[in-house]
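A.B. asks: Quick one: structure below, then a few questions.
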Amino acid sequence: MKRHTFWNDLKNYRVLLLMLAPAVLFYILFAYVPMAGIVIAFKRYDYAGGIFGSAWNGLDNFRFFFESGDAWRVTRNTALYNIAFIVVNNALQIFAAVMLFEVGGKWFRKITQSALFLPYFISWVVVGAIAYNLLNYDIGTVNAVLRGLGLEAIDIYNTPAYWPYILVLVSAWKGLGYGTVMYLAAITSIDTEMYEAAEIDGANIFQRIRKVTIPNLYPTIIILVLLAVGNIFRGDFGMFYNMIGNNGLLFSATDVIDTFVFRSLITSNEIGMSAAAGLFQSVLGFVTIVTVNYAVRKYDKDRALF
């Protein structure tokens, strides 16, 4: 009987391993090797000494981050925004996917799906410019319409209360098409005999959606939500920075960990504190995904990620 050794497996699966090699190299070079930079969070960084030659300062960078008064604010904003994105985006994507699946007419479905997908390819820089031209107090389209109707203009860029709703709406608009495609693919893989059986039993379209479509989407929903939860403490820097920029009046409602770290590096050159904030962010994300995955595994281990 032939023994299954490491070298035998390497030889037998050499083509598959060769196909896997680029992805493995990518993560080694851009995910694992940079982990050595974590030490910056525990050092008083200076350019002369570099990453490994700078003096250690223990937890001073973390202490400075938490005592600055910004840690709770940016952590809260990051988590709450991502929770809102997960709930709103997934709900709208599921709704759009179900509607497209139930709508008859192949051409209408293709055109609608393409129109929904288009915003996903628009750069956040362009989205930020569009938002500025819509919402600007002096020249924005929204305020021009309000003035034309004899109503008072709204100073959106100086009012933080509007921005949680604006950012959630923009995120939902931009990500709707991408998520819809994934859910639509899951729906089309459902056995058609289940729908035929439901029709024979007299189920109408809403009963078929509630009893057949939605239950069969649970595995996809759980996987996508788990993947999103893993990034719940990572803000979309492209969105927040291009939508808000350096408008300090809006930081209380829109500042997230990623934009805070960026400004710390650019304006105050606090490399150590920025690294500490990034490590804090990564640890929170790791703990969150492990906790949520454990909860899902306790409920149904077949639907957990690991």
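A.B. asks: State all residues of the stretch 114-151 that are of a type in the set (A, V, I, L, M, F, W, C), surrounded by 12 or more Cβ atoms within 10 Å (Cβ to Cβ) and not in a helix (DSSP H, G or I); if no residue qualifies, say none.
C.D. replies: The answer is Ile122, and nothing else.
A.B. asks: While we're here: Select from the stretch 1-23 the residues that are assigned to a helix (DSSP H, G or I) and open to solvent by 100 Å² or more (accessible area, probe 1.4 Å) and write down the one among them that is modelled with the lowest pLDDT. Full working, then the answer.
C.D. replies: Applying the first criterion (assigned to a helix (DSSP H, G or I)) to the stretch 1-23 yields 6-12, 14-23.
Applying the additional criterion that residues be open to solvent by 100 Å² or more (accessible area, probe 1.4 Å) yields 6-7, 11, 14, 16, 18-19.
On the way: Phe6: 77, Trp7: 81, Lys11: 83, Arg14: 87, Leu16: 90, Leu18: 92, Met19: 93.
Among them, the one singled out is Phe6.
A.B. asks: Of the residues that sit in the stretch 272-301 and are touching a residue at least 24 places away in the same chain (Cβ under 8 Å) and farther than 20 Å from Thr75 by Cβ, which one is farthest from the chain's Cα centre (by Cα)?
C.D. replies: Ranking the qualifying residues of the stretch 272-301, first place goes to Val296.
A.B. asks: Please verify whether the stretch 44-52 includes one or more residues that are open to solvent by 60 Å² or more (accessible area, probe 1.4 Å), under 19 Å from Phe260 (Cα atoms), in a loop (DSSP other than H, G, I, E, B) and in contact (Cβ under 8 Å) with a residue 12 or more places away in the chain.
C.D. replies: Within the stretch 44-52 (the criterion being open to solvent by 60 Å² or more (accessible area, probe 1.4 Å), under 19 Å from Phe260 (Cα atoms), in a loop (DSSP other than H, G, I, E, B) and in contact (Cβ under 8 Å) with a residue 12 or more places away in the chain), the answer is yes, since at least one residue qualifies.
A.B. asks: Give me the pairs: first residue in the stretch 212-223 and over 16 Å from Glu193 (Cα atoms), second residue modelled with pLDDT under 90, beta-carbon distance under 6 Å, and six or more apart or on different chains, which are they?
C.D. replies: If the second residue must be modelled with pLDDT under 90, the pairs left are Pro219/Arg303; Ile222/Arg303.
A.B. asks: Looking at Ser268, Ser274 in this structure, which one is open to solvent by 40 Å² or more (accessible area, probe 1.4 Å) and either farther than 21 Å from Ala84 by Cβ or of a type in the set (Gly, Ala, Ser) (or both)? Don't jump to the end; show me each part of the working.
C.D. replies: Working: Ser274 fails: open to solvent by 40 Å² or more (accessible area, probe 1.4 Å).
Every option except Ser268 fails the conditions.
A.B. asks: Just to verify a result, which residue in the stretch 92-113, among those that are β-branched (Val, Ile, Thr) and touching a residue at least 24 places away in the same chain (Cβ under 8 Å), is surrounded by the fewest Cβ atoms within 10 Å (Cβ to Cβ)?
C.D. replies: Val98
A.B. asks: Among the helices (runs of 4 or more DSSP H) contained in the stretch 161-212, which hold 1 or more residues that are within 19 Å of Ile83 (Cα to Cα)? Step through it out loud before you land on a result.
C.D. replies: On the way: elements: 163-188, 192-200, 205-208.
Counting at least 1 such residues, we get 163-188.
A.B. asks: Same structure, new question: Out of Tyr120, Tyr132, report the one residue that is touching a Gly at 6+ places or on another chain (Cβ under 9 Å), within 18 Å of Leu250 (Cα to Cα), among the hydroxyl-bearing types (Ser, Thr, Tyr) and at pLDDT 90 or above.
C.D. replies: Tyr132
A.B. asks: Test each condition in (1) of a type in the set (Phe, Trp, Tyr); (2) open to solvent by 20 Å² or more (accessible area, probe 1.4 Å); (3) in contact (Cβ under 8 Å) with a residue 40 or more places away in the chain for Phe65 and report the one that comes out false.
C.D. replies: Only one criterion in (1) of a type in the set (Phe, Trp, Tyr); (2) open to solvent by 20 Å² or more (accessible area, probe 1.4 Å); (3) in contact (Cβ under 8 Å) with a residue 40 or more places away in the chain is unmet by Phe65, namely (2).
The values are calculated or read from the model by the stated rules, or taken from the named source; none is laboratory data. What you see is a predicted model; the values in this text were computed from it and never measured. Every residue, glycine as well, gets a Cβ built from its backbone with ideal geometry; the counts of neighbours run over all protein chains shown. SASA here: full protein model, heavy atoms, side chains in, ligands and nucleic acids out. Shrake-Rupley method; radii C 1.70, N 1.55, O 1.52, S 1.80 Å.
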